1. Quick check on Ser16: is it surrounded by 12 or more Cβ atoms within 10 Å (Cβ to Cβ), within 13 Å of ligand 1 (Cβ to nearest atom), polar (S, T, N, Q) and in a helix (DSSP H, G or I)?
2. From Ala114, Ala124, which residue is in contact (Cβ under 8 Å) with a residue 60 or more places away in the chain and within 23 Å of Ser16 (Cβ to Cβ)?
3. Restricting attention to region 72-86, which residues are over 15 Å from Leu55 (Cβ atoms) and of a type in the set (A, V, I, L, M)?
4. So, of the residues in region 19-38 that are away from ligand 1 (no atom under 16 Å from the Cβ) and touching a strand residue (DSSP E or B) at 6+ places or on another chain (Cβ under 9 Å), which turns out to be nearest to Lys197 (Cα to Cα)?
5. Can you name the residue in region 102-140 that is away from ligand 1 (no atom under 14 Å from the Cβ) and of a type in the set (Val, Ile, Thr) and is also surrounded by the fewest Cβ atoms within 10 Å (Cβ to Cβ) among such residues?
6. With (1) among the hydrophobic types (A, V, I, L, M, F, W, C); (2) within 23 Å of Leu177 (Cβ to Cβ); (3) surrounded by fewer than 15 Cβ atoms within 10 Å (Cβ to Cβ) as the list, and Ile84 as the residue in question, which single condition is left unmet?
7. Quick check on my filter: what residues within region 39-62 are of a type in the set (S, T, N, Q) and either more than 22 Å from Leu25 (Cα to Cα) or more than 9 Å from ligand 1 (Cβ to nearest atom) (or both)?
8. Tell me the residue from Arg36, Arg23 that is in contact (Cβ under 8 Å) with a residue 12 or more places away in the chain, under 30 Å from Gln143 (Cβ atoms) and not polar (S, T, N, Q), please.
Amino acid sequence: MSDVVVVGRANAGKTSACLRLARALGVEDLVWVVERTDGGRERRRLPIREAERWLTSGEPHSTTSLQTLAIPVARGKVSRSVDIVDSAGLADGHVRDERVRRAMGQTLRALVAAKAVLHVVDAADIGRSLEAREAPFHALDEQLVTIGRTKAFYLVLANKIDLPFAERGVAWLRERLQDARVIATSAKTGAGFDEVKRYVWKLA
Ligand SMILES: Nc1nc2c(ncn2[C@@H]2O[C@H](COP(=O)(O)OP(=O)(O)OP(=O)(O)O)[C@@H](O)[C@H]2O)c(=O)[nH]1
Ligand SMILES: [Mg+2]
């Protein structure tokens, strides 16, 4: 069993990407363990079709705890599993809400301990910033890339490619992160997740 920690800025699509990945790996009933920041743990179960409605939202900081999805992976006769750890989104600067700050601390601890990291980036947001001649990448993502490169497994998901300007964002990311693996994805349409699945499958 190995852990893949999913990190990124708030609202990049981390939870949606976890659910897409679970679907691509054949999960129908989602079992997930929520590790609250007060140390409590809860185990929950939900059909994958309903999970998106309950777990994702357009508001940033909708995930406020580590949520581990245990995904069974059949490899020949041996049944293994891979744990996908969805984390609370990170943000630059001072965050007023203490609950969100605690959740961000929990994400950073998981990130430091992880051997395998999926970094979700909103490629449409980068494309829009480029169009507006604004800085496309912020210090936070730079730091995540630096940490990610130290890991045994590091994959960047250039997400939201179904949205306008995302193509430009993906091209910019590929140019900028030359030696990192960048996969263009849409957690909305499922594009790119067969490729993500092949990498994650190898980790089981
Ligand atoms: N168009 C489009 N929307 C997406 C995609 N991925 C996620 N979204 C939307 O973006 C919003 C944020 O998605 P989440 O999966 O909750 O993002 P998150 O990174 O987990 O957010 P936090 O937990 O708040 O940090 C939701 O409204 C999703 O429906 C995508 O590939 N394309
Ligand atoms: Mg989330």
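1. Values: surrounded by 12 or more Cβ atoms within 10 Å (Cβ to Cβ): yes; within 13 Å of ligand 1 (Cβ to nearest atom): yes; polar (S, T, N, Q): yes; in a helix (DSSP H, G or I): yes.
Yes: the conditions hold for Ser16.
2. Details: Ala124 fails: in contact (Cβ under 8 Å) with a residue 60 or more places away in the chain.
None of the others qualify; the one that does is Ala114.
3. Across region 72-86, the qualifying residues are Val73, Ala74, Val78, Val82.
4. Among residues in region 19-38 that are away from ligand 1 (no atom under 16 Å from the Cβ) and touching a strand residue (DSSP E or B) at 6+ places or on another chain (Cβ under 9 Å), the one nearest to Lys197 (Cα to Cα) is Leu25.
5. Of everything passing the filter in region 102-140, Val112 is surrounded by the fewest Cβ atoms within 10 Å (Cβ to Cβ).
6. Status for Ile84: all satisfied but (3).
7. Ser57, Ser62
8. Step by step, each of Arg36, Arg23 is checked, and only Arg36 is in contact (Cβ under 8 Å) with a residue 12 or more places away in the chain, under 30 Å from Gln143 (Cβ atoms) and not polar (S, T, N, Q).
Each value in this text was obtained by applying a stated rule to the coordinates, not by laboratory testing. Treat the numbers as computed from the prediction; the structure is a model and nothing was measured. Neighbour counts are summed over all protein chains in view; Cβ atoms, including those assigned to glycine, are modelled from backbone coordinates with ideal geometry.
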